[in-house]
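Student: Before we start, here is the structure in question, set down as C-alpha cells.
The values are calculated or read from the model by the stated rules, or taken from the named source; none is laboratory data. Only a predicted model underlies this, so the values are computations on that prediction, with no experimental measurement involved. For neighbour counting, all protein chains shown are included, and Cβ atoms are generated from backbone atoms with ideal geometry for every residue, glycine included. All accessible areas refer to the heavy atoms of the entire protein, side chains included, with ligands and DNA or RNA removed. Shrake-Rupley method; radii C 1.70, N 1.55, O 1.52, S 1.80 Å.
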Number of protein chains: 2
Amino acid sequence: MTIFATGVGVPHNGGMTEAVIHKRDYEGELKRAGVRLTRPRRVIVGLLTQTEDHPDALEIFRRASAIDPSISLSTVYRTMKLLEGLGAIHRHAFEGGPSRFEQAGGDHHDHLIDLDTGDVIEFKSERIEALQAEIAERLGYDIVHHRLELYGRKRG
Amino acid sequence: MTIFATGVGVPHNGGMTEAVIHKRDYEGELKRAGVRLTRPRRVIVGLLTQTEDHPDALEIFRRASAIDPSISLSTVYRTMKLLEGLGAIHRHAFEGGPSRFEQAGGDHHDHLIDLDTGDVIEFKSERIEALQAEIAERLGYDIVHHRLELYGRKRG
DNA sequence: ATGCAGTTGCAAATCATTTGCAAGAAGAGG
DNA sequence: CCTCTTCTTGCAAATGATTTGCAACTGCAT
C-alpha cells in the first residue's frame with residue numbers, strides 16, 4: 001500500500017497553501033484543447049498548480065478572488081468542468097458535501113476522509129485494485145471507473 | 001466473493017415488482033422508536049418490504065402514490081430520513097443521480113452499478129474489507145464507514 | 001488595429017432535498 | 001368511542017450546489 005499525501009487543508013478553511021511547483025502544464029493543455037487562455041482561466045489553473053489539498057468550487061473561488069476579485073463563481077464552475085472534461089483534474093463527490101477537486105496526473109489512488117477535519121488522505125492498494133478487477137470479471141462487467149472512500153477518525 | 005443479488009429494476013422504471021416477503025419488521029421498529037404509525041408510513045414501509053431494487057425517492061413516491069395518491073413527496077423524503085436514522089434502510093448516493101435506498105439488515109456489501117441500465121449488483125469481498133481495515137490501521141485511523149462502488153458495463 | 005467567435009459576470013433557472021406552517025390524524029386517557 | 005394533545009402531513013416556499021440564458025466583453029487570428 002502506498003500513501004501519496006496527507007491531507008493538507010480543508011475545503012472550508014480559506015487558508016494558505018505553501019507554494020509547491022507541480023508538473024502539470026494547464027496552460028498548454030488549454031491551448032491544445034483550442035480554448036482561449038483568458039484571465040480567469042490563467043488565475044484558476046495558476047492556483048491549481050499550487051494546490052496540494054482538495055478544495056471545493058467555493059474555496060477555489062475564494063482563492064481566485066484574492067488574486068482577481070472580478071472572477072465569478074460561475075466561471076469557477078465552468079472552468080472546473082472544462083478541466084475535468086480535458087482530464088486535467090478529478091472531481092470527487094465525497095459524502096455530504098460539494099464536489100472537491102484535485103489535479104489529475106499522479107498515479108490513481110483512493111481516499112480516506114477524516115470526518116472531523118475534512119482532510120483527505122490519498123492511498124493506493126494494488127491488491128484492492130486487483131480484487132476489484134477480479135470481482136468485475138466474475139460478474140461479467142468491464143469496470144469504467146470506481147470509487148473507494150474510507151471515512152474515519154484519527155485513532156487515539 | 002459473494003454475490004448477493006443481481007440488480008432488479010431501475011430507479012426510473014415505474015415498473016412492477018414481484019411480491020417478495022422480507023424479514024424486516026418496519027412497523028415494529030417505528031413503534032419501538034416511539035413514532036406514530038401513520039397511513040403514509042404504513043404504505044411506504046409496506047412497499048419497501050416488497051422491494052428488491054434500489055429505488056430513489058421519486059420512484060418510491062410513484063409506487064406509494066399508486067397505493068395512496070394523497071401521499072406527498074415531502075413525506076417520502078421525511079420517511080426515508082426517519083428510517084435511515086433508525087438504521088432500517090441505507091441511503092446510497094451513486095454518481096450523478098439522486099439518493100437511492102435499500103433495506104438494511106442483510107450482510108454488508110458493496111455495489112457494482114451498470115452504467116447503461118442503472119441496475120445495481122451487490123457483492124461482498126472479505127478480502128477487500130480486510131485490506132481496507134489494514135490500510136486504515138496503517139494510516140492511524142478508525143474507519144466509521146466506507147463506500148466502494150464499481151461503475152461498469154456488461155462485457156460483450 | 002479589427003472583427004468575431006469564444007468567454008464572462010450576473011441573474012435567473014434547475015435539481016434534489018428540506019422546512020415553515022396551518023390543517024389533519026394517531027393514540028393515550030378517560 | 002370521544003377528547004385532547006401532539007406528532008404528522010401536504011403544500012408551497014426555501015435551500016444549497018451547480019448550471020444556464022443573455023448581453024457585454026475580450027482573446028487572438030488576420
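Student: Given (1) away from DNA strand D (no atom under 14 Å from the Cβ); (2) farther than 25 Å from B:E149 by Cβ, identify the lone condition not met by B:I44.
Tutor: (1)
Student: Next question, about the same structure. Can you find, within region A:132-156, the residue that is nearest to B:D119 (Cα to Cα) among those that are more than 7 Å from every other protein chain (Cβ to nearest Cβ) and part of a helix (DSSP H, G or I)? Show your work before the answer.
Tutor: Start the filter on region A:132-156 by keeping residues that are more than 7 Å from every other protein chain (Cβ to nearest Cβ), which leaves A:133-134, A:137, A:156.
Checking which are part of a helix (DSSP H, G or I) leaves us with A:133-134, A:137.
Values: A:A133: 19, A:E134: 20, A:E137: 17 Å.
Here the residue is A:E137.
Student: Which residue, of B:A133, B:A104, is touching a residue at least 24 places away in the same chain (Cβ under 8 Å) and hydrophobic (A, V, I, L, M, F, W, C)?
Tutor: When all the criteria are applied, what remains is B:A104.
Yes or no, residue by residue, for (1) open to solvent by 30 Å² or more (accessible area, probe 1.4 Å); (2) more than 10 Å from chain A (Cβ to nearest Cβ):
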residue	(1), (2)
B:S72	yes, yes
B:V76	no, yes
B:A93	yes, no
B:A104	no, yes
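Student: Within the set of pairs 6 or more residues apart or between chains, which connect a residue that is aliphatic (A, V, I, L, M) and more than 8 Å from DNA strand D (Cβ to nearest atom) inside region A:65-94 to a residue that is open to solvent by 70 Å² or more (accessible area, probe 1.4 Å) and modelled with pLDDT under 95 with Cβ atoms less than 9 Å apart?
Tutor: Pairs that qualify, where the first residue is aliphatic (A, V, I, L, M) and more than 8 Å from DNA strand D (Cβ to nearest atom) and the partner is open to solvent by 70 Å² or more (accessible area, probe 1.4 Å) and modelled with pLDDT under 95, are A:L86/A:R32.
Student: Please indicate, with yes or no, whether at least one residue in region B:118-131 is of a type in the set (D, E) and facing chain A (nearest Cβ under 7 Å). Spell out the reasoning first.
Tutor: Initially, region B:118-131 is screened for residues of a type in the set (D, E), giving B:119, B:122, B:126, B:129.
From what's left, facing chain A (nearest Cβ under 7 Å): none.
So far as region B:118-131 goes, no, none of its residues is of a type in the set (D, E) and facing chain A (nearest Cβ under 7 Å).
Student: Among the numbered criteria (1) touching a Gly at 6+ places or on another chain (Cβ under 8 Å); (2) within 14 Å of chain B (Cβ to nearest Cβ); (3) not polar (S, T, N, Q), which one does A:D110 miss?
Tutor: All conditions are met except number (1).
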